[in-house]
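Written out below as structure tokens is the structure these notes cover.
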Amino acid sequence: MTNMGTYKILLSNLGYARGISGQLAHHIFYAHRHFYCSPAVQKHSLQQLNTLIRREDPDICCFVEIDEGSFASAGFNQLQALIDKKYAFFDIENKYAPASRLRSFFMTKGKSNAFMAKHVFPYEKLYFGCGGKRLIYKIDLGKNLTLFFAHFSLNKSMRIRQLHEAGDLMRGVAGEAIFLGDFNILTGISELAPLLNHGPFVLLNREDHPTFTFHTRRLVLDLCICSKGISRHARLKVVPQPYSDHAALVLEVNRDDND
């Protein structure tokens with residue numbers, strides 16, 4: 001770890017490294033990149049992400065909306081362009097359900113979530129019981145601390161069911177838990193009631209600090225929810241990403257051997 005008992009975790013929604021920020025002009029002039037984006041554009045976005053990673057020096061980097069090589073990315077594997085000797089432990093997986101046809105459809109075949117880390121961590125790939133995007137990474141960070149991250153549904157009814165499942169997962173681990181992700185809570189923080197009202201969990205985000213931009217619209221979508229026991233040791237930072245309409249989250253948790 002960064003120090004004994006200290007964890008630094010990056011969460012980034014890359015927006016598939018299309019180089020489309022929240023500016024309206026980007027969404028208009030670069031809309032074609034959603035259907036086909038050259039490797040050169042993707043590499044430029046990933047270079048910007050690498051600059052962020054070098055500056056923050058996280059122990060583990062968690063990614064949503066990363067492309068393993070779809071039609072739209074011209075077969076370019078974005079995680080392979082990020083991993084190196086420092087972050088040699090990694091995994092990438094299609095974000096849709098194991099039996100979903102979206103896994104083989106040419107436009108969505110490589111649409112994934114992934115992580116890369118400085119150290120080897122035990123991990124599992126779990127799945128929500130409903131929704132299109134279902135993948136959940138569960139990573140054992142040691143010292144009775146479990147990290148989950150996922151990309152939640154855009155459909156509100158599905159999302160509410162997924163939030164209940166996320167709460168069950170957090171309550172079901174030994175020790176304490178962190179859940180990071182693009183929660184897609186499009187109608188506001190009140191959607192988090194299944195998590196925040198039925199367990200010893202807190203939201204680390206500030207409600208007045210948006211993480212998503214679309215023209216003049218600002219929303220808090222990329223979130224960190226954690227056990228109350230570690231919240232007093234945790235610090236969350238929201239970092240702009242010029243290559244995505246989402247900001248990155250950098251979470252630092254400091255724990256001593258008595259925690």
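Listing for the model above:
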item	result
Residues of segment 63-110 satisfying the condition of being touching a Ser or Thr at 6+ places or on another chain (Cβ under 7 Å), buried (at least 20 other Cβ atoms within 10 Å of the Cβ) and hydrophobic (A, V, I, L, M, F, W, C)	Phe63, Ile66, Ile92
Neighbours by Cβ (under 6 Å, 6+ apart or cross-chain): first from segment 34-54, crowded, with 19+ Cβ neighbours inside 10 Å; second in a helix (DSSP H, G or I) and small (Gly, Ala, Ser)	Gln42/Ala17; Ser45/Ala17; Leu46/Ala17
Every residue from segment 111-130 that is crowded, with 22+ Cβ neighbours inside 10 Å and in contact with a helix residue (DSSP H, G or I) (Cβ under 8 Å, 6 or more places away or on another chain)	Lys111, Phe128
Boolean, Ile9 is crowded, with 17+ Cβ neighbours inside 10 Å, in contact with a Pro (Cβ under 8 Å, 6 or more places away or on another chain) and either assigned to a loop (DSSP other than H, G, I, E, B) or modelled with pLDDT of 85 or more (or both)	yes
Conditions (1) modelled with pLDDT under 95; (2) outside any strand (DSSP E or B): number failed by Asn205	(1)
One residue from Asp182, Asp208 being of a type in the set (D, E, K, R) and in contact with an Asp or Glu (Cβ under 9 Å, 6 or more places away or on another chain)	Asp182
Any chance Ala193 is of a type outside the set (Phe, Trp, Tyr) and either farther than 24 Å from Phe128 by Cβ or surrounded by 20 or more Cβ atoms within 10 Å (Cβ to Cβ) (or both)	no
Per-region count, segment 38-76, residues out of contact with any strand residue (DSSP E or B) (no Cβ under 8 Å at 6 or more places or on another chain), under 20 Å from Ala88 (Cα atoms) and not charged (D, E, K, R)	6
Unique match (being of a type outside the set (A, V, I, L, M, F, W, C) and touching a Leu at 6+ places or on another chain (Cβ under 9 Å)) among Lys86, Lys143, Lys109, Lys118	Lys109
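Results for (1) at pLDDT 95 or above; (2) touching a Pro at 6+ places or on another chain (Cβ under 9 Å); (3) surrounded by 22 or more Cβ atoms within 10 Å (Cβ to Cβ); (4) closer than 15 Å to Asn13 by Cα, shown as yes or no for each residue.
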| position | (1), (2), (3), (4) |
| --- | --- |
| Leu169 | yes, no, no, no |
| Gly175 | no, no, no, no |
| Phe179 | yes, no, yes, yes |
| Cys226 | yes, no, yes, no |
| Leu249 | yes, no, yes, yes |
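The values are calculated or read from the model by the stated rules, or taken from the named source; none is laboratory data. As the structure is a computational prediction, the values presented were derived from the model and not from experiment. Note that each Cβ is placed from the backbone with ideal geometry, even for glycine, and that neighbours are counted across all protein chains shown.
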